[in-house]
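Asker: Take this structure, written in structure tokens, and hold onto it; I'll ask about it next.
Values quoted throughout were computed directly from the atomic coordinates according to the rules given, and no laboratory measurement underlies them. A quick note: this is a predicted structure, and the numbers were derived from the prediction, not measured. Here the Cβ positions follow ideal geometry from the backbone for every residue, glycine too, while neighbour counts run over all protein chains shown.
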Amino acid sequence: MAACKIDADASPHFSKMREYWKNHGYPNIDADLAEAFANIRKDIQANHARRVPGFGDILKEYELYKYRQKNRLAREGASGGWRIYALFDRRTTTLYPLLYIPRRPWRTLTTIR
Amino acid sequence: MPAAITFDQMERSADRTLAAVYWAKHLENVVACAVGLTVLNRTLRRFVRSLDSGLLESLTTEQAADLKTKLQTIHSNLASRLRECQTCAHSCNWISRAALKGIEASTEDIGDIIENLSFSRDPQFRSLLRDSVQAIADPAAHVGGV
């Protein structure tokens, strides 16, 4: 089990996204995130972790991970729940969450930037 | 000479026989379903495991597009089968239930891979990722870590 640190404030986009979802039908987002981070801090492979390929030219020394998390408000399981994208820095074992999106509306992301 | 059976006795016997026919048919379907779902679950698990990030990283644009199309076909068929199984009485036995849980997880995994393949070619996502890497890599821009 590989533990890690989580810096949820490093990405300005992540903070904007959190506020966006809180005001657009997902008031429970902080509790869902807290649960996900508690699991991932103990084990970076928790929450159905999967490395995301295809961004080698952008990532440099980082790795991109994707996680699943239950959306408690919808009583959905990890299936259909949230997806969290995060950068991982092996040198400092720190994970930087970038995106937090419900399973379906990818297009909504374009309105948040 | 054996005593002739009455019509009532014949009718009862026919009903019992029909019940046995239905039970045997149900059993055959339950067994077939459990075997089919178990084989599907194992096939899916092997397939998803084979789609590791190293392999996906090495795909050309055309190969990624082809793979995504195939995965979308697999995913939509699985999703439709899972919806049918939710209302199917065959899912009541524990073998089928265990296999269905595995199939659900693999279906989600395939959905995630499809999404990742889409994002890897999406200019907005790539731009967002580039900005985030720059914001995080700049030591003057953040202090943190818990």
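Asker: For the protein assembly as shown, count the residues as N, evaluate 2.2 N^0.38 Å, and divide the Cα radius of gyration by that value, please.
Answerer: 1.37
Asker: Same structure, new question: Given the options B:ARG16, B:ARG97, B:ARG42, which has the most mean-square fluctuation in a GNM of chain B, springs set between C-alpha atoms less than 10 angstrom apart?
Answerer: The residue that fluctuates most here is B:ARG16.
Asker: At R0 = 51 Å, how high is the FRET efficiency between B:SER13 and B:THR69 if r is their beta carbon distance? Nearest 0.05 is fine.
Answerer: 0.35
Asker: If you build a Gaussian network model of chain B, linking Cα atoms that sit under 10 Å apart, which residue out of B:SER53, B:SER118, B:SER127 swings the most?
Answerer: Maximum among the listed residues: B:SER127.
Asker: Per the Kirkwood definition applied to all pairs of different Cα atoms, how many angstroms is the hydrodynamic radius of chain B?
Answerer: In chain B this quantity evaluates to 20.1 Å.
Asker: Which pairs break 22 Å Cα to Cα here: A:LYS42/B:LYS101; A:LYS60/B:LYS68; A:LYS66/B:LYS68?
Answerer: From A:LYS42/B:LYS101; A:LYS60/B:LYS68; A:LYS66/B:LYS68, over 22 Å: A:LYS42/B:LYS101; A:LYS60/B:LYS68.
Asker: In whole Hz, what ³J(HN,Hα) sequence does the range B:50-66 give by Karplus (6.51, -1.76, 1.60; θ = phi - 60°), x for Gly and Pro?
Answerer: Values per residue, Gly and Pro as x: 6, 8, 6, 5, x, 5, 5, 5, 8, 6, 6, 4, 5, 5, 4, 5, 4 Hz.
Asker: Please work out whether the range A:1-102 counts as rounded, prolate or oblate from its C-alpha gyration tensor, where a ≥ b ≥ c are the square roots of the eigenvalues and a/c under 1.5 means rounded, while otherwise a/b larger than b/c means prolate and anything else oblate?
Answerer: Prolate.
Asker: Ok, one more. Using modelled backbone amide H atoms (1.01 Å from N, in-plane), which distant-in-sequence or interchain residues come within less than 5 Å of A:LEU98's amide H?
Answerer: Under 5 Å from the amide H of A:LEU98 lie the amide H atoms of A:TYR85, A:ALA86, A:LEU87, each far enough along the sequence or on another chain.
Asker: How large is ³J(HN,Hα) for each residue in the range B:27-41, as worked out from phi by the Karplus curve 6.51 cos²θ - 1.76 cosθ + 1.60 (θ = phi - 60°), to whole Hz, x for Gly and Pro?
Answerer: Once θ is set to phi - 60°, the couplings for the range B:27-41 become 4, 4, 5, 4, 5, 4, 5, 4, 5, x, 5, 5, 5, 4, 4 Hz.
Asker: Within the range A:1-87, report the trypsin sites (Lys or Arg not before Pro) that DSSP leaves as loop and that have at most 14 other Cβ atoms within 10 Å.
Answerer: A:LYS60, A:ARG75
Asker: Using 0.36 nm times the number of residues separating B:LEU82 and B:ARG126, minus their current alpha carbon distance, what extension gain do you get?
Answerer: Full extension from B:LEU82 to B:ARG126 adds 12.5 nm.
Asker: What aspartates and glutamates sit close enough to A:LYS22 to cross-link, taking a C-alpha to C-alpha distance under 15 Å and skipping anything fewer than 8 places away on the same chain?
Answerer: A:ASP30, A:ASP32
Asker: Tell me the label-point distance for the pair B:VAL31, B:TRP94, using the 7 Å Cα-to-Cβ offset, in nm and rounded to one decimal.
Answerer: Result: 2.0 nm between the two label points.
Asker: Starting from the amide H of A:ILE6, placed 1.01 Å from N in the peptide plane, find each other amide H under 5 Å away whose residue is 5 or more places distant or on another chain.
Answerer: Answer set, sorted by chain and number: A:LEU95, B:VAL146.
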